[in-house]
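Asker: Structure in structure tokens, see below.
The values are calculated or read from the model by the stated rules, or taken from the named source; none is laboratory data. Just so it is clear, the structure is predicted and the values come from calculations on it, not from any experiment. As a convention, Cβ positions derive from the backbone with ideal geometry for all residues, glycine included, and neighbour counts pool all protein chains shown.
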Amino acid sequence: MTTDTSDATQPPYAGLTPDTILDAFDSLGLRSDGRLLALNSYENRVYQVGIEDEKPLIAKFYRPERWSDEAIMEEHAFAAELADHEVPIVGPLEINGSTLHRHGGFRFAVYPRQGGRTPEFADEATLEWMGRFIGRIHLVGQTAGFRHRGAIDIETFGQEPRDYLWQNGVVPASIREVWYGVTEQALQGVARCYQRAGDVNLIRVHGDCHAGNVLWTDHGPHFVDLDDCRMAPAIQDLWMLLSGQREEMQQQIVTIICGYEDFVEFDPRELHLVEALRTLRLLHYSAWLARRWDDPAFPAAFPWFGTQRYWEERILELREQIAAMDETPLIV
């Protein structure tokens, strides 16, 4: 397994200067015109880079030590496989025989620029189209598995993040015990949901399928990369499209599955996992913020993290999830 050898005592992107970015492109034989535009991304660093006499390109500099080289190459291979099946995914460009490159202690990939707008998930036609789109992804995703990217499950997205927050003293002492007790109840609720669902299949999924990660054009939706792809139940890519009250989510899931099943059959047992996966995401998100606090971009963007109020709200949120996980699941 190969990862970065960055200096752990420095912020993760301390050495990623404009000159480093331009030199990285130059090392691939790409002549930049010097224009750089930082794009919205916290986990990685993403830039639009102007190219002499050509359209701009997009550079993604991977967060040091997050993924192994093998895991990144699995992401790239999955994108290529989807493109071979004409699924609208914007994958990395192969340059000098590779899609993964190194410069200045960083690993990076180069993508074509692809525009788009945020989809309107309140529109039924849009939701059904999204169902068809994800169905096409899963039709390919179920044909093989990842070996290096792990899975979204109780251990990796629930128990491990909870233990990290507890062991590193992230939660304020005044509510630490209460928080731990509520997380324990929440994880027990997740386990019950998985028991009710039974032995569901894990397939290759996008993993982070919310409106902010989907771009829409007149030709429909597409993803610009697969940075969070993992093994998971198919419902992982569907539940984040749902919003509103239960009655609204009920209609939304019917519409989504109607489009989804144009390409692949949906296992209705997975509906037991909707609130369980939402609970796991909440736990994982708090731990993600805590783990990234040495990156100066995070305290600037999330100043409320770690406050007493933040953790009180998380306790209330988890209590609501405990109740939601014991409700009758949505139906299709």
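Asker: Take residue 173 and tell me if it is under 18 Å from residue 314 (Cβ atoms) and free of Cβ contacts under 8 Å to residues at least 24 places away in the same chain.
Answerer: Here the answer is yes, as residue 173 does meet what is asked.
Asker: Where residues in region 88-102 are buried (at least 18 other Cβ atoms within 10 Å of the Cβ), of a type outside the set (Ser, Thr, Tyr) and modelled with pLDDT of 95 or more, which of them is farthest from residue 135 (Cα to Cα)?
Answerer: Ranking the qualifying residues of region 88-102, first place goes to 101.
Asker: Residue 179 fails exactly one of the following numbered conditions: (1) hydrophobic (A, V, I, L, M, F, W, C); (2) more than 30 Å from residue 77 (Cβ to Cβ); (3) not in a helix (DSSP H, G or I). What is the number of that condition?
Answerer: Among (1) hydrophobic (A, V, I, L, M, F, W, C); (2) more than 30 Å from residue 77 (Cβ to Cβ); (3) not in a helix (DSSP H, G or I), residue 179 violates only (3).
Asker: Oh, and also: For region 292-332, enumerate the residues that are charged (D, E, K, R), assigned to a loop (DSSP other than H, G, I, E, B) and closer than 26 Å to residue 194 by Cβ.
Answerer: Of everything in region 292-332, those that are charged (D, E, K, R), assigned to a loop (DSSP other than H, G, I, E, B) and closer than 26 Å to residue 194 by Cβ turn out to be 326, 327.
Asker: Could I ask something else about it? I need the full set of residues from region 207-242 which are within 18 Å of the chain's Cα centre (by Cα), of a type in the set (Gly, Ala, Ser) and either over 22 Å from residue 139 (Cβ atoms) or outside any loop (DSSP other than H, G, I, E, B) (or both), in order please.
Answerer: Selection gives 211, 212, 232, 234.
Asker: In region 26-72, which strands (runs of 3 or more DSSP E) lie fully inside it and hold 1 or more residues that are modelled with pLDDT under 95 and not polar (S, T, N, Q)?
Answerer: 32-39, 54-61
Asker: Name the residues in region 198-212 that are buried (at least 16 other Cβ atoms within 10 Å of the Cβ) and either free of Cβ contacts under 8 Å to residues at least 40 places away in the same chain or basic (Lys, Arg) (or both), would you?
Answerer: Correct list: 204, 208.
Asker: Moving on to the next point. For the subset of region 243-254 comprising residues that are in a helix (DSSP H, G or I) and surrounded by fewer than 19 Cβ atoms within 10 Å (Cβ to Cβ), which member is nearest to the chain's Cα centre (by Cα)?
Answerer: Once the filter is applied, the top-ranked residue is 249.
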